[in-house]
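Notes follow the structure.
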Amino acid sequence: MVVAKATVVADGRHFAMKGDTLEATFTQRFRQGSYEDHGKKVLSFKKSGEGSGVWKIVREEMKTSANGFNDPKVAVKEVDLSARPGPLSASLRWENGKPVADGPEGFTTHKLRLTITDAKGKKEIYDLFQESSDRPVETAPLAPSTTKGLLFEESFWWAGAGDGFRIVVDAEHLVVKHKIQEEGNGEEGAGGFDGAYLDEMRIAIPAGGVKATK
């Protein structure tokens, strides 16, 4: 498989015993020639025999995969829709793409898409998140939030890590906020990680404001 020299790194390692099986969950970063990817991986180990101190891999699964050796650095994207005829309407939904070429069986590309429509029906579509996995995804439009100032909230967990999105609005902007989380492994001092919501996109809106729709 590895004809040319490859670099493989395991970040954020968590270990947990499940019966007689040791599970290791981590982010694998892979580079070989011009090819690079990273994603969540699970390795399952069992002892090779009674009284043996040797652990052998009995299962290996790449849960998710994304291009690039490193996680992309997120910068706040500024968008100006203030000159559009208002009010604007916003909807949020998951969309399933085609099966991943040469990927694990059942892997599909999922996109979390925000659609903004002005009063004349012109649409702008923004892809907030994209992944390749076999995680089941509901593709119906998300229901608007009932909390004042919060249009939508979506969060999901997969392979020991999670992402959360909030779409908030005030008199001048619609703001997309994103946070990441990681589960702990149950051991003392390994309680996981729960990041803060950070701005990823700010959209200037017209005086008519914006409302959430399904």
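Bear in mind these aren't lab numbers, they're just calculated from the coordinates by the rules spelled out. Since the model is a prediction, treat every value here as computed from it, not as a measurement. When we count neighbours, we look across all protein chains shown, and the Cβ atoms used for this are built from the backbone with ideal geometry, even at glycine.
Specify, per residue and in Å³, the volume enclosed by the convex hull of the alpha carbon atoms belonging to the range 6-67.
Enclosed volume per residue, from the Cα hull, is 88 Å³.
Would you mind checking the pairs Lys148/Lys214; Lys5/Lys179; Lys56/Lys111; Lys40/Lys98; Lys148/Lys179 and listing those with alpha carbons more than 25 angstrom apart?
Cα-Cα > 25 Å for Lys5/Lys179; Lys56/Lys111; rest within.
Excluding Ala90 itself, what net charge comes from residues whose Cβ is under 12 Å from its Cβ, given Lys and Arg +1 and Asp and Glu -1?
Value of the local net charge: +3.
Quick check: Cα centre of the range 66-109 to Cα centre of the range 137-179, how many Å?
13
Full-extension gain between Trp55 and Lys123, please, as 0.36 nm times their residue separation minus the C-alpha to C-alpha distance. Intermediate results must be reported in sequence, preceding the final value.
Details: separation 68, 0.36 × 68 = 24.48 nm, distance 5.52 nm.
So the extension gain works out to 19.0 nm.
Let me spell out the model: positive unit charges on the Cβ of Lys and Arg, negative unit charges on the Cβ of Asp and Glu, origin at the Cα centre of the range 6-67. What dipole size does that give, in debye rounded to 20?
Numbers: 11 positive and 8 negative charges, 10 e Å.
In total the dipole reaches around 40 debye.
Using just the alpha carbons, could you tell me how many Å³ per residue the convex hull of the chain encloses?
167
Suppose every Lys and Arg Cβ carries +1 and every Asp and Glu Cβ carries -1, with no other charges. What dipole size does the chain come out with about its Cα centre, to the nearest 20 debye?
460
Can you list the lysines whose alpha carbon sits under 16 Å from that of Lys41, skipping same-chain ones fewer than 8 residues off?
Of all the lysines, those that pass the test against Lys41 - Cα under 16 Å, at least 8 places apart if same chain - are Lys63.
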